Amino acid sequence: MSIQRACSFIAVALLVSASVACGDSDPDGPGGGAEGGSGIGGEAGQPGDGGAGGAVASMPSMAVVHAVSGEPAVRPLIFEPLAVHVTNAGPSEELTVVATMGTYRSEATFVASADGNIDTAADAPKDGTYAGADADGLVWSMLPDDSASSSFGDGSIHYALERDGDVLAEVDVERIDVADDVERRDVPAEAGFVGVVYVPEGPGPHPVVVGFGGSEGGLWFGDEIAKTYASLGYVGVGVAYFGAPTLPNGLTDVPLEYFESVFGYLSQIPEADPSSIAVMGASRGGELSLLLGAHYPEVKAVVALVPSGYVWGSTESFTEAAWTLAGAPLAYVPSSGSLAEVTEAPDGKDVYHFTPTFLDSIAEATPEEIAAATIPIEATVGPVLLIGGQADELWPSCSLAEVAFDRLETSGHTDSHADELVCYENSGHFTNPINAGFPMTTASLSYNASFGVYYAMGGTAEGLGHAARDSFNRVEAFLETSLR
């Protein structure tokens with residue numbers, strides 16, 4: 001039996017590996033984040049052996065700086081936007097900046113100003129792997145090589161300044177995934193949940209961001225959320241709720257009460273403020289974040305990334321619930337049983353598009369079934385930020401997010417809270433702030449090695465790159481306003 005006939009939309013669409021198809025299923029891809037590691041210090045390189053040519057008297061120099069502050073980029077955090085500054089070029093001279101991260105590479109050719117300067121954050125390239133002035137352009141537009149094991153390496157970036165193929169200067173920038181002053185702490189088994197805690201410097205008490213992933217299971221995406229926001233001054237708590245040792249393998253009958261252990265444990269962290277908690281999750285984790293906000297007054301702010309305002313069923317069965325509360329299964333939108341649309345990838349493998357199957361299920365459900373499956377998000381005591389991608393091909397995250405936002409508006413919740421709905425054009429299922437600082441050219445597909453097929457995530461590299469940066473800024477501002 002062919003795969004497209006054998007696999008239901010629930011069993012396949014929601015059992016999505018959140019790694020990007022980079023030749024292997026590496027969870028450090030978009031949606032996860034590369035591990036920071038050792039690299040070469042971010043000092044400006046010296047002119048290479050390639051000469052400038054007798055016609056050009058000047059020898060350009062290059063520095064990599066923080067795009068916002070202009071300060072030298074010494075071990076910057078991965079999510080921080082960087083800019084390349086070139087000085088002492090000839091007036092209107094054309095120079096190319098080449099950036100590499102692991103096996104990924106980008107380039108952009110610029111025309112120097114009359115005074116011999118180039119600023120990649122402010123200047124649009126003449127040509128290259130991206131267009132328009134964009135501090136993140138050299139990163140999100142990186143393309144993988146042809147190897148079967150393409151990866152981002154440790155996230156560090158090598159920059160080279162070239163003239164007609166000759167290298168004039170080089171800079172290596174070691175990037176880190178968590179601030180140096182953040183302390184990582186394991187969660188003891190007696191806490192009642194599987195997770196990790198990151199504590200920023202200072203006595204606190206600090207507001208708390210609780211993060212978790214979606215149908216991929218495990219801890220890694222929650223870990224990325226926790227370390228990212230701990231680097232911004234929050235106590236970050238990453239949580240696994242299935243797919244980890246001591247936990248169920250699948251998203252079936254997960255009790256929401258599991259998170260009561262998480263909220264209770266915060267009182268045991270001296271630096272944490274248990275009265276100031278935000279929850280953040282993506283995809284099925286976005287659905288979960290809305291459920292936790294609706295049912296737990298401990299949650300003071302909700303960040304729901306590519307979420308659903310409807311509850312969906314188990315990732316393992318047509319007839320079981322994903323979530324329970326007070327021992328009872330939460331109602332979910334029944335599966336229509338329709339099959340995914342299948343196209344062919346450039347390498348000949350099948351690509352599964354699941355958004356139509358979710359739309360079919362919604363269309364075929366009765367009004368009573370839809371009402372029962374709708375999350376009562378208006379019960380949330382604090383503000384809600386919903387973020388979706390208009391080009392999402394895994395599930396229709398923008399229309400599913402609108403379900404929740406419409407309910408917030410109708411109930412009057414938006415009148416008293418700073419609720420937001422942001423849907424990004426040309427961005428897909430990997431729309432989230434954790435992808436800021438990573439290549440996005442392979443983020444429109446996700447490879448499932450178990451089935452040997454791709455899942456369509458949707459979006460363009462430019463759309464995903466811009467959404468990652470804008471959503472990062474929006475979430476940072478939202479948390480600052482909501483929790484501090």
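Below, the figures for the structure above:
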item: Between the range 281-314 and the range 165-235, the Cα center-to-center distance that results, in Å; result: 21
item: Beta bridges by DSSP in the chain, antiparallel share as percent, to the nearest 5; result: 65
item: Extension reserve of the residue 189-residue 74 stretch, reckoned as 0.36 nm per residue once the Cα distance is removed; result: 37.7 nm
item: Sequence of 381, 182 once ranked by neighbouring C-beta atoms within 10 Å, starting from the fewest; result: 381, 182
item: Relative contact order %, the range 123-218, counting alpha carbon pairs below 8 Å whose residues are six or more apart; result: 13
item: Residues of the range 276-301 with amide N under 14 Å of a point placed 7 Å along Cα→Cβ from residue 260; result: 295-298
item: The chain: angle of helix 355-364 to the longest principal axis, Cα-based, in degrees nearest 10; result: 20
item: Potential lengthening between residue 115 and residue 181 on full extension [0.36 nm per residue; Cα-Cα distance subtracted]; result: 19.8 nm
item: Relative contact order of the range 61-173, pairs being alpha-carbon contacts under 8 Å that are 6 or more residues apart, as %; result: 27
item: Tilt relative to the chain, helix 220-230 - C-alpha long axis, 0 to 90 degrees, to 10; result: 70
item: Point-to-point label distance, residue 366-residue 145, nm (Cα→Cβ direction, 7 Å offset); result: 6.0
item: Relative contact order (%) - criterion: Cα under 8 Å, at least six apart; region: the chain; result: 15
item: Qualifying trypsin sites (Lys or Arg not before Pro) for the range 257-350 [loop in DSSP, other Cβ within 10 Å: at most 16]; result: 349
item: Label-point separation, residue 451 to residue 267 (7 Å along Cα→Cβ), nm; result: 4.5
item: Whole-Hz couplings from phi, Karplus 6.51/-1.76/1.60, listed for the range 429-436; x for Gly and Pro; result: 5, 8, 6, 6, x, 5, 7, 4
item: Estimated [θ] at 222 nm from DSSP helical runs (n ≥ 4, -39500 (n - 2.57)) normalised by residues in the chain, nearest 500; result: -6000 deg cm²/dmol
item: Among (i) 14, 19, 16, 13, 11, 9, 8, 5, 3, 1, 0; (ii) 25, 53, 20, 2; (iii) 25, 59, 15, 1, the entry derived from the coordinates for P(r) over Cα pairs in 20 Å bins from 0, in percent; result: (ii)
item: Acute angle (nearest 10 degrees) that the helix 397-411 long axis makes with the longest principal axis of the chain, alpha-carbon atoms; result: 60
item: Residues of the range 422-444 with amide N under 17 Å of the 7 Å Cα→Cβ point at residue 345; result: 429-430, 440-444
item: Nearest-20 debye value, the chain charge dipole, Cβ charges on Lys, Arg, Asp, Glu; result: 620
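No value in this document is a laboratory result; all are computed from the given coordinates. A quick note: this is a predicted structure, and the numbers were derived from the prediction, not measured. When we count neighbours, we look across all protein chains shown, and the Cβ atoms used for this are built from the backbone with ideal geometry, even at glycine.
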